[in-house]
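Trainee: Below is one structure. I have some questions about it.
The values are calculated or read from the model by the stated rules, or taken from the named source; none is laboratory data. Predicted model only: the values in this text are computed from it and were never measured. Glycine gets a Cβ as well: all are built from the backbone with ideal geometry, and neighbour counts include every protein chain shown.
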(Lines give C-alpha, C1' and ligand atoms only; values in the text may rest on other atoms or scores of the structure.)
Protein backbone atom coordinates (compact mmCIF):
# COMPACT_ATOMS: atom_id res chain seq x y z
CA UNK A 1 0.00 0.00 0.00
CA UNK A 2 2.82 2.41 0.77
CA UNK A 3 4.30 1.95 -2.69
CA UNK A 4 1.01 2.94 -4.32
CA UNK A 5 0.75 6.06 -2.11
CA UNK A 6 4.34 6.94 -2.98
CA UNK A 7 3.63 6.67 -6.73
CA UNK A 8 0.49 8.81 -6.44
CA UNK A 9 2.36 11.42 -4.38
CA UNK A 10 5.22 11.57 -6.92
CA UNK A 11 2.75 11.81 -9.80
CA UNK A 12 0.86 14.68 -8.15
CA UNK A 13 4.11 16.48 -7.31
CA UNK A 14 5.26 16.19 -10.93
CA UNK A 15 1.92 17.45 -12.26
CA UNK A 16 1.93 20.44 -9.87
CA UNK A 17 5.55 21.33 -10.63
CA UNK A 18 4.92 21.08 -14.38
CA UNK A 19 1.76 23.16 -14.10
CA UNK A 20 3.60 25.83 -12.12
CA UNK A 21 6.36 25.94 -14.73
CA UNK A 22 3.88 26.42 -17.60
CA UNK A 23 1.91 28.99 -15.62
CA UNK A 24 5.02 31.07 -14.93
CA UNK A 25 6.35 30.76 -18.48
CA UNK A 26 2.97 31.87 -19.86
CA UNK A 27 3.14 35.03 -17.72
CA UNK A 28 6.49 36.13 -19.23
CA UNK A 29 8.24 35.09 -16.00
CA UNK A 30 11.15 33.68 -18.01
CA UNK A 31 10.96 36.30 -20.77
CA UNK A 32 14.11 38.44 -20.63
CA UNK A 33 12.94 41.14 -23.02
CA UNK A 34 11.52 44.62 -22.92
CA UNK A 35 9.12 46.72 -24.95
CA UNK A 36 10.53 50.06 -26.05
CA UNK A 37 8.38 52.89 -27.37
CA UNK A 38 8.88 56.56 -28.09
CA UNK A 39 8.82 59.30 -30.69
CA UNK A 40 11.38 59.80 -33.44
CA UNK A 41 12.12 63.39 -34.45
CA UNK A 42 14.42 64.78 -37.11
CA UNK A 43 15.30 68.47 -36.82
CA UNK A 44 12.55 68.77 -34.21
CA UNK A 45 9.79 67.35 -36.43
CA UNK A 46 8.26 63.88 -35.97
CA UNK A 47 9.15 61.38 -38.69
CA UNK A 48 6.04 60.01 -40.38
CA UNK A 49 7.46 56.75 -41.72
CA UNK A 50 10.35 54.34 -41.35
CA UNK A 51 11.54 51.89 -38.75
CA UNK A 52 13.50 51.75 -35.50
CA UNK A 53 15.73 48.75 -34.74
CA UNK A 54 17.58 47.67 -31.62
CA UNK A 55 20.73 45.59 -32.18
CA UNK A 56 22.19 43.91 -29.10
CA UNK A 57 25.79 42.80 -28.55
CA UNK A 58 24.99 39.33 -29.93
CA UNK A 59 23.66 40.83 -33.17
CA UNK A 60 20.00 40.06 -32.38
CA UNK A 61 17.69 42.61 -34.00
CA UNK A 62 14.23 43.75 -32.92
CA UNK A 63 12.39 46.21 -35.20
CA UNK A 64 9.26 48.33 -35.07
CA UNK A 65 7.53 50.67 -37.51
CA UNK A 66 7.27 54.45 -37.12
CA UNK A 67 3.65 55.60 -37.46
CA UNK A 68 2.29 58.83 -38.99
CA UNK A 69 2.67 60.69 -35.66
CA UNK A 70 6.32 59.69 -35.26
CA UNK A 71 5.62 57.05 -32.60
CA UNK A 72 7.13 53.57 -32.61
CA UNK A 73 6.82 50.44 -30.48
CA UNK A 74 9.37 47.62 -30.55
CA UNK A 75 8.39 44.47 -28.65
CA UNK A 76 10.54 41.58 -27.44
CA UNK A 77 13.80 43.57 -27.39
CA UNK A 78 16.51 41.54 -25.58
CA UNK A 79 17.50 43.09 -22.22
CA UNK A 80 20.88 44.85 -22.10
CA UNK A 81 22.81 47.44 -24.06
CA UNK A 82 21.70 47.93 -27.65
CA UNK A 83 22.66 50.12 -30.56
CA UNK A 84 19.72 51.79 -32.23
CA UNK A 85 19.14 52.45 -35.92
CA UNK A 86 16.55 54.57 -37.68
CA UNK A 87 15.78 53.93 -41.33
CA UNK A 88 13.56 56.14 -43.42
CA UNK A 89 13.57 55.33 -47.10
CA UNK A 90 10.78 56.40 -49.39
CA UNK A 91 8.87 53.62 -51.12
CA UNK A 92 10.52 54.51 -54.44
CA UNK A 93 14.01 54.39 -52.93
CA UNK A 94 16.52 51.59 -52.40
CA UNK A 95 15.96 48.83 -49.84
CA UNK A 96 17.07 49.48 -46.24
CA UNK A 97 20.78 49.34 -45.53
CA UNK A 98 22.46 46.57 -43.54
CA UNK A 99 22.09 46.91 -39.77
CA UNK A 100 25.73 46.19 -38.97
CA UNK A 101 27.64 47.36 -42.04
CA UNK A 102 28.78 50.75 -43.19
CA UNK A 103 26.12 52.69 -45.13
CA UNK A 104 26.52 52.57 -48.89
CA UNK A 105 25.69 55.41 -51.23
CA UNK A 106 22.39 55.08 -53.08
CA UNK A 107 22.24 54.94 -56.87
CA UNK A 108 22.00 58.45 -58.32
CA UNK A 109 18.51 57.97 -59.72
CA UNK A 110 17.02 56.51 -56.51
CA UNK A 111 15.21 58.64 -53.99
CA UNK A 112 17.32 58.30 -50.89
CA UNK A 113 16.70 58.30 -47.18
CA UNK A 114 15.01 61.23 -45.51
CA UNK A 115 17.51 61.25 -42.63
CA UNK A 116 21.34 61.10 -42.76
CA UNK A 117 22.67 57.66 -43.77
CA UNK A 118 24.69 57.28 -40.58
CA UNK A 119 21.49 56.54 -38.63
CA UNK A 120 20.74 53.49 -40.79
CA UNK A 121 23.42 51.21 -39.29
CA UNK A 122 24.38 50.23 -35.76
CA UNK A 123 28.05 50.85 -36.51
CA UNK A 124 27.54 54.53 -37.34
CA UNK A 125 24.27 55.71 -35.76
CA UNK A 126 25.72 56.74 -32.41
CA UNK A 127 22.33 55.91 -30.83
CA UNK A 128 22.33 53.61 -27.81
CA UNK A 129 19.84 52.45 -25.20
CA UNK A 130 20.07 50.00 -22.32
CA UNK A 131 16.93 47.91 -22.52
CA UNK A 132 15.34 46.78 -19.26
CA UNK A 133 12.66 44.18 -18.66
CA UNK A 134 9.15 45.51 -19.16
CA UNK A 135 7.90 48.70 -20.82
CA UNK A 136 10.07 51.78 -21.26
CA UNK A 137 10.16 55.05 -23.18
CA UNK A 138 13.09 56.01 -25.44
CA UNK A 139 12.60 59.16 -27.54
CA UNK A 140 15.00 59.65 -30.43
CA UNK A 141 16.05 63.12 -31.61
CA UNK A 142 18.05 63.00 -34.85
CA UNK A 143 20.21 65.86 -36.03
CA UNK A 144 22.00 66.65 -39.27
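Trainee: Within the bounds of region 31-50, is there any residue that is at pLDDT below 65, surrounded by fewer than 17 Cβ atoms within 10 Å (Cβ to Cβ), under 18 Å from the mean Cα position of the chain (by Cα) and over 23 Å from residue 123 (Cβ atoms)?
Mentor: Looking through region 31-50, none of the residues is at pLDDT below 65, surrounded by fewer than 17 Cβ atoms within 10 Å (Cβ to Cβ), under 18 Å from the mean Cα position of the chain (by Cα) and over 23 Å from residue 123 (Cβ atoms).
Trainee: To continue, here is another question. What are the residue pairs meeting all of these: first residue in region 118-130, first residue touching a residue at least 60 places away in the same chain (Cβ under 8 Å), second residue assigned to a loop (DSSP other than H, G, I, E, B), Cβ atoms under 7 Å, and 6 or more apart or on different chains?
Mentor: Pairs that qualify, where the first residue is touching a residue at least 60 places away in the same chain (Cβ under 8 Å) and the partner is assigned to a loop (DSSP other than H, G, I, E, B), are 122/99; 122/100; 129/138.
Trainee: Can you tell me which of (1) at pLDDT 95 or above; (2) over 27 Å from residue 32 (Cβ atoms); (3) in contact with a helix residue (DSSP H, G or I) (Cβ under 6 Å, 6 or more places away or on another chain) is the one residue 97 doesn't meet?
Mentor: The one condition residue 97 does not meet is (1).
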